[in-house]
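Trainee: Shown below is the structure under consideration.
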Amino acid sequence: MAETTGIDNNQYLTFTLDGEVFGLAIGKVREVLDFTTVTRVPQTPAYMRGVINLRGSVVAVIDLHQKFGLAQTEKTVNTCIIIVEIEMDGETTVLGALADSVQEVLDIEPDQIEPAPKIGTKLNTAFIQGMGKHNDEFIILLDIDKVFSSDELSQVQSVEQQAETV
């Protein structure tokens, strides 16, 4: 039997982007913050909104709307920043992901998850872990480790380091 880390592997934090419900494995989520002032960093991609000060650490904030090809996130009373940990090449990067609103933590059993849809060969859906079903609705389950390429994560890290020296 596999060892567990005390975190239920079937729990997902659900949030909305442009009316669609997405889910992140709860083990990847550090915390959820109210939207705060984001300091813009010049010469970064449009989806990189800037950086925030998180208890003395510089954390890059990514606009998931723009990363997924949607319009920039509009600030509302429900807009929040989900602080996530991303693993790539054995290294952990902490970043903030803008979301329209956070919903709830749901238990989604493996038998309630369908594989990611195959949408032709030109569309990259590797970052979709699967399609969770809850109350007859689909929840797009993201594999946050695959949302960003290693080049994009390197860029995030360099922006954070650049902001720390300012």
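The values are calculated or read from the model by the stated rules, or taken from the named source; none is laboratory data. From a predicted model like this one, the values you see are computed outputs, not experimental measurements. Quick reminder, even Gly has a Cβ in these numbers, built from the backbone with ideal geometry, and neighbours come from all protein chains shown.
Trainee: Within segment 38-77, track down each residue that is more than 19 Å from residue 101 (Cα to Cα), outside any strand (DSSP E or B) and not hydrophobic (A, V, I, L, M, F, W, C).
Mentor: 40, 42, 43, 44, 45, 55, 56, listed by residue number.
Trainee: Out of segment 54-69, which residues are in contact with a Leu (Cβ under 8 Å, 6 or more places away or on another chain) and among the charged types (D, E, K, R)?
Mentor: Residue satisfying the conditions is 63 alone.
Trainee: Hey, can you tell me all the residues within segment 130-166 that are hydrophobic (A, V, I, L, M, F, W, C), without any contact (Cβ under 8 Å) to a residue 60 or more places away in the chain and closer than 21 Å to residue 44 by Cβ?
Mentor: Quick first cut of segment 130-166, residues hydrophobic (A, V, I, L, M, F, W, C) only: 131, 138-142, 144, 147-148, 153, 156, 159, 163, 166.
Filter once more, so that each one left must be without any contact (Cβ under 8 Å) to a residue 60 or more places away in the chain: 131, 166.
Once the filter is applied, which keeps residues that are hydrophobic (A, V, I, L, M, F, W, C), without any contact (Cβ under 8 Å) to a residue 60 or more places away in the chain and closer than 21 Å to residue 44 by Cβ, segment 130-166 yields only 166.
Trainee: Filter segment 89-116 for residues that are of a type outside the set (A, V, I, L, M, F, W, C), closer than 30 Å to residue 157 by Cβ and at pLDDT 90 or above; which is surrounded by the fewest Cβ atoms within 10 Å (Cβ to Cβ)? Show your work before the answer.
Mentor: Quick first cut of segment 89-116, residues of a type outside the set (A, V, I, L, M, F, W, C) only: 89-93, 96, 100-101, 103-104, 107, 109-112, 114-115.
After this cut, where a residue has to be closer than 30 Å to residue 157 by Cβ as well, the list is 89-93, 96, 100-101, 103.
Now drop any that are not at pLDDT 90 or above, which leaves 96, 100-101, 103.
Numbers: 96: 27, 100: 21, 101: 14, 103: 17.
If we take residues in segment 89-116 being of a type outside the set (A, V, I, L, M, F, W, C), closer than 30 Å to residue 157 by Cβ and at pLDDT 90 or above, then 101 is surrounded by the fewest Cβ atoms within 10 Å (Cβ to Cβ).
Trainee: Restricting to segment 20-37, name every residue that is touching a residue at least 24 places away in the same chain (Cβ under 8 Å) and not in a strand (DSSP E or B). Steps first, please.
Mentor: Start the filter on segment 20-37 by keeping residues that are touching a residue at least 24 places away in the same chain (Cβ under 8 Å), which leaves 20-26, 28-36.
Answer for segment 20-37, where residues must be touching a residue at least 24 places away in the same chain (Cβ under 8 Å) and not in a strand (DSSP E or B): 26, 28, 35, 36.
Trainee: Now, a different point. Of the numbered conditions (1) crowded, with 18+ Cβ neighbours inside 10 Å; (2) over 12 Å from the mean Cα position of the chain (by Cα), residue 131 satisfies every one except a single condition; which is it?
Mentor: (1)
Trainee: For the condition closer than 23 Å to residue 41 by Cα, in contact with a Cys (Cβ under 8 Å, 6 or more places away or on another chain) and of a type in the set (A, V, I, L, M, F, W, C), what is the one hit in 99, 71? Before the answer, list the steps.
Mentor: Values: 71 fails: in contact with a Cys (Cβ under 8 Å, 6 or more places away or on another chain).
After ruling out the rest, the residue left standing is 99.
Trainee: Right, here's the next one. Name the residues in segment 117-166 that are closer than 19 Å to residue 87 by Cβ, β-branched (Val, Ile, Thr) and modelled with pLDDT of 85 or more, would you?
Mentor: 128, 144, 147, listed by residue number.
Trainee: In segment 5-14, is there at least one residue being in contact with a Ser or Thr (Cβ under 7 Å, 6 or more places away or on another chain) and not basic (Lys, Arg)?
Mentor: From segment 5-14, those in contact with a Ser or Thr (Cβ under 7 Å, 6 or more places away or on another chain) are none; that's our starting set.
The answer is no, given that none of the residues of segment 5-14 is in contact with a Ser or Thr (Cβ under 7 Å, 6 or more places away or on another chain) and not basic (Lys, Arg).
Trainee: Mind checking which residues of segment 136-163 are closer than 19 Å to residue 38 by Cα and polar (S, T, N, Q)?
Mentor: Residues satisfying the conditions are 155, 157, 158, 161, 162.
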